[in-house]
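Have a look at the structure below before the remarks.
Only the coordinates and a few stated rules stand behind these numbers; no lab work does. What you are looking at is a predicted structure, and each value in this text was computed from that prediction instead of being measured. Note that we place each Cβ from the backbone using ideal geometry, even for glycine, and neighbour counts take in every protein chain shown.
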Amino acid sequence: MQLQAHHAAWGQPFQGRIATQMEHIEKALQIYDPALHSQSANTYGNHDVGVCAHFHKSIILWSMGYADQSRRGGELTVKLAGEINHLPTRIQILHQINWLNFFNGDARAVHDMASKAIDESMEIGLF
């Protein structure tokens, strides 16, 4: 439950509370264990809390000017999303992490990741 409390607290990405957000994200990542917590994705918001934490951290890092750290965080986010067995999380993160590709002006990466998200969405009948 503590993990979900941090999850709820960092969900204010565009209100300028970056330090508070990062504090909750870091605390959640200290608690998060994919083997224990990835199964709760269906219970809490239909996405994995660890993947969500890494995504928000990557976006915050980018907004603070740390593009390289953000890119590495994005890669870690996609890797973790691929390792857990929760297709809605993977599809969601392919869409969301693609914002970083867009922000960085990487049109090829935007296209490739969007195509992958569409392909995975088709697997469950979303397209």
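So the values come out like this:
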quantity	calculated
Protection proxy ranking, peptides 115-123, 46-54, 67-75, average beta carbon neighbours within 10 Å, highest first	46-54, 67-75, 115-123
Order of TYR66, TYR32 - criterion: other Cβ atoms within 10 Å of each residue's Cβ, fewest first	TYR66, TYR32
Segment 58-108 - charge dipole about Cα centre, Lys and Arg +1 at Cβ, Asp and Glu -1, debye rounded to 20	60
Likely footprinting exposure, MET113, MET22, MET64, fewest C-beta neighbours within 10 Å first	MET64, MET22, MET113
Exposure proxy ranking, count of Cβ atoms within 10 Å, fewest first, for THR89, THR20	THR20, THR89
Distance (nanometres) between label positions extended 7 Å along Cα→Cβ at GLN30 and ILE18	2.2
Partner lysines for LYS57 [C-alpha distance under 21 Å; skip if fewer than 8 residues away on the same chain]	LYS27, LYS79
